[in-house]
1. How much length is gained if the chain between residue 219 and residue 232 is pulled fully straight, taking 0.36 nm per residue apart and subtracting their Cα-Cα distance, in nm to one decimal?
2. At a Förster distance of 35 Å, what's the computed FRET efficiency of residue 46 paired with residue 281, Cβ-Cβ distance as r, to 0.05?
3. For every other residue with a beta carbon closer than 12 angstrom to the beta carbon of residue 86, add +1 if it is Lys or Arg and -1 if Asp or Glu, then tell me the sum.
4. Which three numbers, in whole Å and largest first, are the semi-axes of the equivalent ellipsoid of the chain derived from its Cα gyration tensor as √(5λ)?
5. If a/c stays under 1.5 just call it rounded; otherwise compare a/b with b/c (prolate if a/b is bigger, oblate if not). Do that for the range 31-172, with a ≥ b ≥ c from the square roots of the Cα gyration tensor eigenvalues.
6. Considering the dipole of the chain built from charges on the beta carbon (Lys and Arg +1, Asp and Glu -1) around the Cα centre, which of 125, 160, 205 is farthest to its positive end?
7. Please give the per residue accessible area of the chain, computed with a probe of 1.4 Å over protein heavy atoms only, in Å².
8. Just for the range 28-97, what percent of DSSP beta bridges are antiparallel, to the closest 5?
Amino acid sequence: MDVLDDLLAGTRARGGVFNLTILDPPWGLDIVDEAPLALATLVRGSAWILRGGQPPVRMEEGDVAVLSGTEPYVVADQPDTVPNLRIHPGGICEPLPGAPIDYSARLGVRTYGGRPDGEAMVVSGTYELEGDVSRRLLSALPPTLVVPAANVAGHVMDVVVGEIQRDEPGQQSVLDRWLDLALITTLRAWFARPESHAPGWYQAQSDPVVGLALRLLHEDPAHPWSVVELADRTGVSRASLARRFSGLVGEAPMAYLTGWRITLAADMLRETTDTVESIARKVGYANAFALSVAFKRVRGTSPTAHRRASTAA
């Protein structure tokens, strides 16, 4: 398992919200759904994404956008178009003043717009993410990114229009899995682009030494790793591993491992009723005390306090 595998395994769609919107110019969508992660693609037409004072980002037919963070944004046919639809949490579509009355019409399951053959067709799916593993992935992404159609697996995107308009048993699970696959292919394509400024842990995976070290740490984070053992397993000296790892990833091997163990423990504390002692052993600490010391050093709070705050939230 590599780093991206681990992060994506903790970022899976569960009850994702999907919308198919069919529009004619001038059109604009004011997205205020507060979703921490969203994916959108243009089946027909072109568009601009405007968000929080950032320069407008152009989307062409077939391009895929990933939007991270809960800040609102606008998707429109032109940067100066006034939105005529607003998308609320849960995918609820609200016509805004000046919109044609039929923009409130539902054209089918999960589908809104003026007419079925409108010039623009926008498909979106959103994640309701929780947990530290998910936040670790989000922190590596810009607020808005667009991957050209030529770089995204076309057959993955081709299936969505037919699936999003179906209402069959298990359809939510089908759409959730599509969203996961679409996100994976899009992020993989994005990180491969020079302008992505991919995080160190992603770039380091192509290094024969550091990439192997990262895979070893992620495959078995509970193992009592040391720099000496990692160096032996990767076939280099301890000094060489430490230098290459820090240079590519941005932190020392053991510091990276500590951060990953604490991330895993934080999610277990939130998602399970396992004791702190049990969680400590699962992520590589000898006992609850050792985990508590490391957790407080990294997070500034104890595992018990973290669990209490997560439960309250």
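The values are calculated or read from the model by the stated rules, or taken from the named source; none is laboratory data. Owing to the predicted nature of the structure, the values given are computational and were not obtained by experimental measurement. A quick note on method: Cβ atoms are made from the backbone with ideal geometry, for glycine too, and the neighbour counts reach across all protein chains shown. Remember, those area values only see protein heavy atoms, side chains included, never the ligands or the DNA or RNA. Shrake-Rupley method; radii C 1.70, N 1.55, O 1.52, S 1.80 Å.
1. Details: separation 13, 0.36 × 13 = 4.68 nm, distance 1.67 nm.
Length difference between fully extended and current span is 3.0 nm.
2. Numbers: r = 54 Å, r/R0 = 1.54.
It comes to 0.05.
3. For residues surrounding residue 86, the net value is -3.
4. Values: eigenvalues 340, 97, 54 Å².
One finds semi-axes of 41, 22, 16 Å for the chain.
5. Rounded, since a/c falls under 1.5.
6. So the residue furthest toward the plus end is 205.
7. 46
8. Rounded to the nearest five, the antiparallel share is 85 percent.
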